[in-house]
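Below you'll find the structure, written out as structure tokens, and then a few comments.
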């Protein structure tokens, strides 16, 4: 009897603390929410511009190389800009976050850079104007060890080559 | 087949140790009770001491060598070197004939004694290993070499003692090649570095002008294959350590990475990435013929041969996530072997052939573990915030890997260090390096 009572009390305490901590987590996610959707970075902190209104980079979910709607939008802007500036060639750099083994991340970075390259090609940019390089997890832009920092580092960046 | 072999091997060892001495060390289990051993300073006479100072700028190379031995035996986790202050017998007398009662009194079960002379620019070392309980000599050996080799002599003595008392080859006369790291996380400068297994004699093989990653020794430990971003073209390179000659491996129109030698030293196996797809290739070092081993739209990387060259283990995400696979060395009979929860990477075949070591990521933690080559018997040896890339000691008893610490939101507090752990999961230790370090690769035994 006593046992079950104390058990119920502990249970209540645990339940209460869970509710409290749930509130706490909710708060932090809302704070980050402005900058992340799922675990894809949507902020502008690290973004540079190839030209007025043409962001240089797109972001990826963990272990993914799928282009989001926003990424495709950015890449169409890059394609338009590349069409207007036909003398410019670019390098697409692929990057991964620090939470993966080095060799796999090199391959993943290459896969991400090629996802961006392929999209530029479908929008009419000639393949010989675009080269790719993967840096894996070797060149993070944000050196923090937290989900937001990692999301900024999972990226492909289009850089002028000439 | 392999299991039967192991069993007979153990029985054989057991009989040998029973027949020859009272001392035995079982290295197949975690050793929580290391063997008490007395390492007497190697005796050196006054003439030799003078020569030692002029040749090496070291007053007593005899005690320096014994310190090397002591440190090696201690870090193996199998031995407990006793404090020299308790020793009752002088080194020279003990080396002739130890008074076993005196050594038994301080609870030593084994004793190492020896003598060093430096004459005519030659270093001569003799040593003996004694069984205190049985009251007799177990081994006596002598070496002659150039004086500057004195640390290696210490490592060779350690290997001989380890082998005599455990029945297996040691791993002390070996080197580690690794990537030295300096500077902030966002602009890390990386160089190839090589050092003795105990952290001494560090040499830098590149200047840090370009990013270098994942160096690995060839079977004779004279060549290294690694990834360099020279001229911003990530390619696999081959480096001759003695001559410093470097060459790019093969002529690939894209990134090559994750290189390793085949155990016969004849080929380099690596990944080649093209159009977003990484597959595994080999290049024959003699005739330069390139062969494609895998052909799959997924990422195939981190290949490692079995010691008999017949199989290859590798990392692939063809199931949707990173898992470990094994195939025949011609690329046929691909089988997935990792089925536990989480992601698996960096498989590397044990030099004994029976196990594959790996990195595992599960619920935000990284593990170094081992499994049998069919994927059964998974054992996780160590858990941490971040660690990966195990490399086997040449006797297959110890793994070296690198571990990174978490940074705060400002990026402070980050470090990368080398660590080692026994196959038993015991005896986890940081390996000293001059700078931050990653991607370690263990050489073969140099004195064999």
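For segment A:144-162, a residue qualifies if it is surrounded by fewer than 21 Cβ atoms within 10 Å (Cβ to Cβ), in contact with a strand residue (DSSP E or B) (Cβ under 7 Å, 6 or more places away or on another chain) and farther than 16 Å from residue A:117 by Cα, and exactly one does: A:148. On the stretch given as segment B:289-298, residues that are outside any strand (DSSP E or B) and either within 15 Å of residue B:262 (Cα to Cα) or within 11 Å of chain A (Cβ to nearest Cβ) (or both) total 4.
Rundown of residues vs (1) more than 14 Å from every other protein chain (Cβ to nearest Cβ); (2) assigned to a loop (DSSP other than H, G, I, E, B), yes/no style:
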site: B:356; (1), (2): yes, no
site: B:368; (1), (2): no, no
site: B:376; (1), (2): yes, yes
site: B:389; (1), (2): no, no
site: B:410; (1), (2): no, yes
site: B:425; (1), (2): yes, yes
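With respect to residue A:136, determine if the residue is crowded, with 19+ Cβ neighbours inside 10 Å and either out of contact with any strand residue (DSSP E or B) (no Cβ under 7 Å at 6 or more places or on another chain) or under 30 Å from residue B:410 (Cβ atoms) (or both). The answer is yes for residue A:136. The residue of segment A:64-88 that is farthest from residue B:235 (Cα to Cα), among those that are within 14 Å of another protein chain (Cβ to nearest Cβ) and touching a helix residue (DSSP H, G or I) at 6+ places or on another chain (Cβ under 7 Å), is A:67. Residues in segment B:330-339: is at least one surrounded by 16 or more Cβ atoms within 10 Å (Cβ to Cβ) and within 11 Å of chain A (Cβ to nearest Cβ)? No, segment B:330-339 contains no residue that is surrounded by 16 or more Cβ atoms within 10 Å (Cβ to Cβ) and within 11 Å of chain A (Cβ to nearest Cβ). Within 11 Å of chain B (Cβ to nearest Cβ), in contact with a helix residue (DSSP H, G or I) (Cβ under 6 Å, 6 or more places away or on another chain) and either within 20 Å of residue A:42 (Cβ to Cβ) or assigned to a helix (DSSP H, G or I) (or both), is that true of residue A:109? Judged against the criteria, residue A:109 is not a match. In summary, strands (runs of 3 or more DSSP E) completely within segment B:178-243 and bearing 3 or more residues that are under 28 Å from residue B:158 (Cα atoms) occur at B:189-196, B:212-217. Total residues in segment B:299-322 satisfying the condition of being touching a residue at least 12 places away in the same chain (Cβ under 8 Å), within 12 Å of chain A (Cβ to nearest Cβ) and surrounded by fewer than 17 Cβ atoms within 10 Å (Cβ to Cβ): the figure is 1.
Would segment B:244-256 turn up any residue that is surrounded by 22 or more Cβ atoms within 10 Å (Cβ to Cβ) and in the same structural domain as residue B:436 (by TED's automatic domain parsing)? Yes; the residues of segment B:244-256 include at least one that is surrounded by 22 or more Cβ atoms within 10 Å (Cβ to Cβ) and in the same structural domain as residue B:436 (by TED's automatic domain parsing). Check whether at least one residue in segment A:130-153 is closer than 17 Å to residue A:61 by Cβ, in contact (Cβ under 8 Å) with a residue 60 or more places away in the chain and more than 12 Å from chain B (Cβ to nearest Cβ), and report yes or no. Yes, segment A:130-153 has at least one match.
Picking from residues in segment B:97-115 that are surrounded by 13 or more Cβ atoms within 10 Å (Cβ to Cβ) and farther than 15 Å from residue B:133 by Cβ, the one that is nearest to the chain's Cα centre (by Cα) is B:112.
Okay, residues lined up against (1) in contact (Cβ under 8 Å) with a residue 40 or more places away in the chain; (2) within 18 Å of residue B:434 (Cα to Cα); (3) within 14 Å of chain A (Cβ to nearest Cβ):
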| position | (1), (2), (3) |
| --- | --- |
| B:187 | no, no, yes |
| B:195 | yes, yes, no |
| B:208 | no, yes, yes |
| B:212 | no, yes, yes |
| B:218 | yes, no, no |
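The values are calculated or read from the model by the stated rules, or taken from the named source; none is laboratory data. Small disclaimer: the values here were computed from a predicted structure and weren't measured. So basically every Cβ, Gly included, is an ideal-geometry build from the backbone, and we count neighbours across all protein chains shown.
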